[in-house]
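**Student:** Structure in structure tokens, see below.
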Amino acid sequence: MNKSEQLLSAFSEDYFFKELVVDELHFKPDKSSEREVADLLINLDDIIIAIQLKARNDKDQTGDFSVENKWLQKKCKAAKGQVKETLQFISSGTLPAFCNKRGQEVFIRSDAEVIPLVVFENNQIEDYPHLLRKHSDSGMNINCMSFSDYCEMCRVLITPIEIVEYLEYRKKIYEECEDVDFIIFNGMDNEMVLTKPRKNESLVHQFLAEKYGMKESDKQKLPIQYFRNFLRLLPERSINKSEENASYEVLLFLLISTGEK
């Protein structure tokens, strides 16, 4: 892995837990040349977030937005092709077992729902397409975000299942509203939320307002964070294991359950 991929993996591991993160995804189908499923998978068993990372080397950055924008367009086009391959690899049911960051061997379910996400790292690009749109009826729209916006999403949303739901919500918003400048949302108990979706991934706050109401969401953040901290210690403190990879199953169940605040 290059430095950007290592950074993405380390950050994701911190927010998603070692059991859920798989970043060594190279394999050889039918003894042919080596292939890669994706840069990173967040494996929630029946739901998988498949991340393609595109990073711009600092030494190659020009300071010219038009040049940097062409770089992003080229990389996004390549990422869409890689997403298509990822979906084919997973649905084929022929993938070998991969090791998660806990060192456990896990199999990727061929019937899992795959949520693709393109993340790019280029600090010179602030205005970018938040949705990579399909060009045919057989294609699919794909969420796209900068690495800094990816980090912001993970910081604001506490549980993995919330991030899954948010990515679906985010895609729907951009499908319906194009690249909207700002949104005024009248939420629960007359809470009014103003978001500028293209700035600092502020759409997450509208998502929370619609799902829980801002007051309720704020009230639940601290106890859920305590629970997350407890779960983080659980695998390290386990002594007896009733079955192989049991900690993954327990952790997955508890993490998904915390999505219901």
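The values are calculated or read from the model by the stated rules, or taken from the named source; none is laboratory data. Everything numeric here is computed off the predicted structure, so don't read it as measured data. Methodologically, a virtual Cβ is constructed for each residue, glycine included, from the backbone with ideal geometry; neighbour enumeration extends over all protein chains shown. Areas reflect the complete protein model, heavy atoms only, side chains present, ligands, DNA and RNA absent. Shrake-Rupley method; radii C 1.70, N 1.55, O 1.52, S 1.80 Å.
**Student:** Can you find even one residue in the range 201-216 that is over 25 Å from residue 133 (Cβ atoms), β-branched (Val, Ile, Thr) and at pLDDT 85 or above?
**Tutor:** Checked against the condition, which is being over 25 Å from residue 133 (Cβ atoms), β-branched (Val, Ile, Thr) and at pLDDT 85 or above, the range 201-216 yields no hits at all.
**Student:** Filter the range 35-86 down to residues that are under 23 Å from residue 3 (Cβ atoms), among the hydroxyl-bearing types (Ser, Thr, Tyr) and not in a loop (DSSP other than H, G, I, E, B), then give me how many there are.
**Tutor:** 1
**Student:** For the range 41-61, what are the residues that are within 19 Å of residue 91 (Cβ to Cβ), open to solvent by less than 40 Å² (accessible area, probe 1.4 Å) and not polar (S, T, N, Q)?
**Tutor:** Filtering the range 41-61 for residues within 19 Å of residue 91 (Cβ to Cβ) gives 41-52.
Keeping just the survivors that are open to solvent by less than 40 Å² (accessible area, probe 1.4 Å) gives 41-44, 47-52.
Across the range 41-61, the qualifying residues are 41, 42, 44, 47, 48, 49, 50, 51.
**Student:** Here is a follow-up. Considering only residues of the range 39-71 that are touching a residue at least 60 places away in the same chain (Cβ under 8 Å) and among the small types (Gly, Ala, Ser), which is nearest to residue 142 (Cα to Cα)?
**Tutor:** 50
Residue-wise test of (1) open to solvent by less than 20 Å² (accessible area, probe 1.4 Å); (2) within 19 Å of the chain's Cα centre (by Cα); (3) under 24 Å from residue 13 (Cβ atoms).
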residue: 63; (1), (2), (3): no, no, no
residue: 76; (1), (2), (3): yes, yes, no
residue: 89; (1), (2), (3): no, yes, yes
residue: 112; (1), (2), (3): yes, yes, yes
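**Student:** Next question. Test residue 20 against the criterion of being under 21 Å from residue 7 (Cα atoms), touching a residue at least 12 places away in the same chain (Cβ under 8 Å) and out of contact with any Phe, Trp or Tyr (no Cβ under 6 Å at 6 or more places or on another chain), and give yes or no.
**Tutor:** Yes: the conditions hold for residue 20.
**Student:** In the range 12-34, what residues are outside any helix (DSSP H, G or I) and among the acidic types (Asp, Glu)?
**Tutor:** Of everything in the range 12-34, those that are outside any helix (DSSP H, G or I) and among the acidic types (Asp, Glu) turn out to be 23, 24, 34.
**Student:** Applying the selection to the range 1-36, what residues are modelled with pLDDT of 90 or more, within 18 Å of residue 79 (Cα to Cα) and under 15 Å from the mean Cα position of the chain (by Cα)?
**Tutor:** 23
**Student:** Now for a separate question. Check residue 80 against each of (1) under 15 Å from residue 37 (Cα atoms); (2) among the basic types (Lys, Arg); (3) surrounded by fewer than 19 Cβ atoms within 10 Å (Cβ to Cβ) and name the one condition it does not meet.
**Tutor:** (3)
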